[in-house]
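Structure first, then comments.
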Amino acid sequence: MEVNYRIKIVSSAKDRDLIKALDIYIHSVDEHSDTSTSEIRTYIQEKFQEERQMFFYILYANNQVVGYAEYGYLPKTSVLFIDYICTNPRNHTFFYNFYHMIFEDVSERLQRKNQYIKYIVTELSLKKDNDDVYIDKDSNYFRQLLTMEEFKILKAPYYQPALNSSNLNQPLEFNIAIKPLINGVFTNTNLDKNFYINLVNDIYYNHYALWYNHFKDSSIVDSHIKVLFERVVKEFPSTILIDDITLVNCVLFQNGLCKQVDTENITLKKERKQNLKLWLSRITALCFSVITFVACCSDFLADSVAIVCSFLTIISALISIFQFMKE
């Protein structure tokens with residue numbers, strides 16, 4: 001069977017195929033992560049002139065509409081930000097073909113303006129159910145696909161702005177996934193705080209805020225973005241190790257069933273809590289060891305002491321083994 005793939009950049013909200021593409025989009029995106037289709041159509045139609053550039057694509061297979069994609073280019077950090085790649089059916093072949101076709105097209109358009117891409121960035125949801133399983137299918141699916149594209153996971157604090165969701169009580173926690181196209185952001189190295197804060201600042205203020213300001217009260221937008229950004233800065237821990245997304249390369253992850261995988265972000269509060277537990281375990285093990293030593297050196301109640309010593313030695317050993325396995 002022969003399949004012909006093509007993409008078309010959307011230049012008019014009156015494009016007939018846009019309706020079909022947006023229908024696929026609204027049935028693919030995770031809850032609370034969607035953008036109003038009326039806002040998308042307005043943005044396309046108005047052609048807002050901004051430093052940040054938006055790209056909207058319709059995806060075709062054998063001349064049939066099979067998907068929608070939306071990207072943003074942030075010149076301050078040279079980031080190509082993937083908002084959405086939605087296809088119907090959802091499969092790896094469609095994704096990889098359109099992902100590479102769109103990248104080549106956007107790159108060519110930017111190079112004509114002497115602009116270049118240093119990083120490709122997207123967001124991955126961390127929403128869980130009561131059983132601590134990741135449940136956003138679109139983000140789980142993306143984790144699988146981005147594995148093959150050598151994306152890195154930045155487990156730093158990050159919250160997706162969500163001014164289109166009025167019923168949210170708490171910010172939505174997300175991972176940032178990044179693919180460096182230049183030397184930098186190496187696996188198993190520490191994430192540079194300045195780099196990360198500048199990246200989040202650019203995403204928040206020059207991507208989300210720019211969009212929202214066209215459709216909402218600017219004071220509400222500024223307040224919302226400011227709260228999220230200050231929280232990210234405040235919660236950034238002392239060290240964060242950069243991981244490959246291959247750590248979540250599990251065939252069950254798409255359905256949220258790969259429980260042994262943890263992609264949770266590391267915040268300052270979580271880091272302090274983890275360190276506290278670590279030191280409490282160490283102190284407890286040390287106390288048991290000291291008590292065992294003192295008891296074994298005692299001459300009274302020899303039989304009882306021997307039993308107590310054996311018991312404390314076992315407890316101390318178990319704590320040490322547990323902590324070793326955990327680390």
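The values are calculated or read from the model by the stated rules, or taken from the named source; none is laboratory data. Please read these numbers as outputs of a predicted model, since none were measured by experiment. Heads up, the Cβs are rebuilt from the backbone with ideal geometry, glycines too, and the neighbour counts pull from every protein chain shown. Ligands, DNA and RNA are excluded from the accessible area calculation, which covers all protein heavy atoms including side chains. Shrake-Rupley method; radii C 1.70, N 1.55, O 1.52, S 1.80 Å.
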- request: Return one whole number: the accessible area per residue of the stretch 1-118 in Å², for a 1.4 Å probe.
  value: 51 Å²
- prompt: Which of the chymotrypsin sites (Phe, Trp or Tyr not before Pro) across the stretch 1-76 are loop residues per DSSP, with 16 or fewer other Cβ within 10 Å?
  reply: Phe48
- prompt: Cα-Cα over 25 Å: which of Lys155/Lys226; Lys137/Lys226; Lys118/Lys234; Lys20/Lys113?
  reply: Lys137/Lys226; Lys118/Lys234; Lys20/Lys113
statement: Residue separation between Ile182 and Met1 times 0.36 nm, minus their alpha-carbon distance, gives in nm 61.4 nm
query: Stretch Gln115-Phe215 to full length: gain in nm at 0.36 nm per residue minus the Cα-Cα span?
result: 33.2 nm
- request: Under 15 Å from the Cβ of Thr147, count the other residues' Cβ atoms, weight Lys and Arg +1, Asp and Glu -1, and hand me the total.
  value: -1
statement: Projected convex hull area of the stretch 1-112, Cα atoms, direction-averaged, in nm², equals 7.5 nm²
field: Inter-label distance for Ser36 and Ser223, nm, one decimal - labels placed 7 Å from Cα along Cα-to-Cβ
entry: 1.8 nm
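For the stretch 79-210, what class follows from the C-alpha gyration tensor (a ≥ b ≥ c being the square roots of its eigenvalues): rounded when a/c is under 1.5, otherwise prolate if a/b is larger than b/c, else oblate?
Rounded is the answer for the stretch 79-210, as its axis ratio a/c remains below 1.5.
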statement: Scoring the stretch 42-157 by relative contact order with C-alpha pairs under 8 Å, at least six apart, yields a percentage of 17 percent
field: Net charge contributed by nearby residues that have their C-beta within less than 15 Å of Asn213 (K/R +1, D/E -1)
entry: -3
query: Gain in length, Ile9 to Glu173, computed as 0.36 nm per residue apart minus the alpha-carbon separation, to one decimal in nm?
result: 55.9 nm
task: Answer with one residue from Thr37, Phe95, Met54: the one whose Cα lies farthest towards the positive end of the charge dipole of the stretch 14-144, charges on Cβ with Lys, Arg +1 and Asp, Glu -1.
output: Met54
